[in-house]
Ligand code: AP5
Ligand code: MG
């Protein structure tokens, strides 16, 4: 099964994608994460991506699509992928269809998480991310208790540079202008599953699991 998690910044894509990876064994492919890894390793791609990410803008489509194409060549993605933060433009959506088609597969559903902007701002202002495994936590709603991978005691938690209030505002504008049109794009293709993303992490996860079970039963997806 291949799924897209479509939602604004800070809506819980990364949190839910990690849970889907654990529950369904899919590969969690986050373009934001791939960029941050490149920035950490100071690659050419990382240097380029940084100039856009620090302003809250999208990295150009051609660079992003090439990076995803390369990641999808790795064999683990054959067990299914949950796309987190990709596609973010209509161009990227079309490119993803082509890449998957060339591999004889397709997107099975697009999970659209709805979260209001004031809630997004609360979530991002309290977010702490683990530098080691990249799992997102929240100082109030989702505090670090123990590492699910038993690798640390929470000593690697940090605040992302692009979670500064001005950058969050820019990311929200970019989402409305460039990514929100994907809602209509996937609705027209009858692929969109709308999920209320404002409940607790467990509540949202349960809603997603229910929707996926229905989809699997109706379409006989493995
Ligand atoms: P990316 O890393 O994808 O950032 P984003 O889309 O802005 O989303 P976030 O990672 O900030 O939030 P999330 O939805 O994953 O929420 P999370 O689970 O962490 O992209 C970063 C940048 O890279 C972009 O701005 C762009 O420059 C570039 N980029 C990436 N992809 C690109 C693309 N395709 N094309 C071009 N450029 C691209 O949760 C947020 C917080 O809320 C956490 O603290 C969490 O613990 C908490 N939380 C989660 N769920 C709940 C809940 N249900 N209740 C309460 N709190 C919750
Ligand atoms: Mg994320």
Exposure proxy check on 13, 169: fewest-to-most Cβ neighbours within 10 Å is 169, 13
Under a Gaussian network model of the chain whose springs join Cα atoms within less than 10 Å, the largest fluctuation of 163, 190, 108 belongs to 190
Computed over the stretch 132-175, the convex hull of the Cα set has an average projected area, in nm², of 3.9
Most exposed to least, judged by fewest other Cβ atoms within 10 Å, 151, 94 sort to 151, 94
The rounded separation in angstrom of the Cα centers of the stretch 166-203 and the stretch 4-47 is 16
The answer for the per residue Cα convex hull volume of the stretch 70-136, in Å³, is 129
Checked the stretch 25-113 against the a/c 1.5 cut and the a/b vs b/c comparison, axes a ≥ b ≥ c from its Cα gyration tensor; verdict prolate
Per the rule of 0.36 nm per residue minus the C-alpha distance, extending residue 211 to residue 74 adds in nm 46.5 nm
Footprinting proxy, 125, 218: sorted fewest to most Cβ within 10 Å, the residues are 218, 125
The simple spin-label model distance between residue 161 and residue 194, using points 7 Å out along Cα→Cβ, in nm, is 3.7
Residue-normalised 222 nm signal for the chain, counting each DSSP H run of n ≥ 4 as -39,500 (n - 2.57), nearest 500 deg cm²/dmol, is -14000 deg cm²/dmol
Rg/Rh of the chain (Cα atoms, Kirkwood Rh), to two decimals, equals 0.93
GNM on the chain, Cα springs under 10 Å; top mean-square fluctuation among 112, 149, 175 goes to 149
Per the stretch 92-178, sqrt(5λ) over the Cα gyration tensor eigenvalues, sorted largest first, in Å, gives 29, 21, 12
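Values quoted throughout were computed directly from the atomic coordinates according to the rules given, and no laboratory measurement underlies them. Keep in mind that what you see is a predicted model, and the values were worked out from it rather than measured. Quick reminder, even Gly has a Cβ in these numbers, built from the backbone with ideal geometry, and neighbours come from all protein chains shown.
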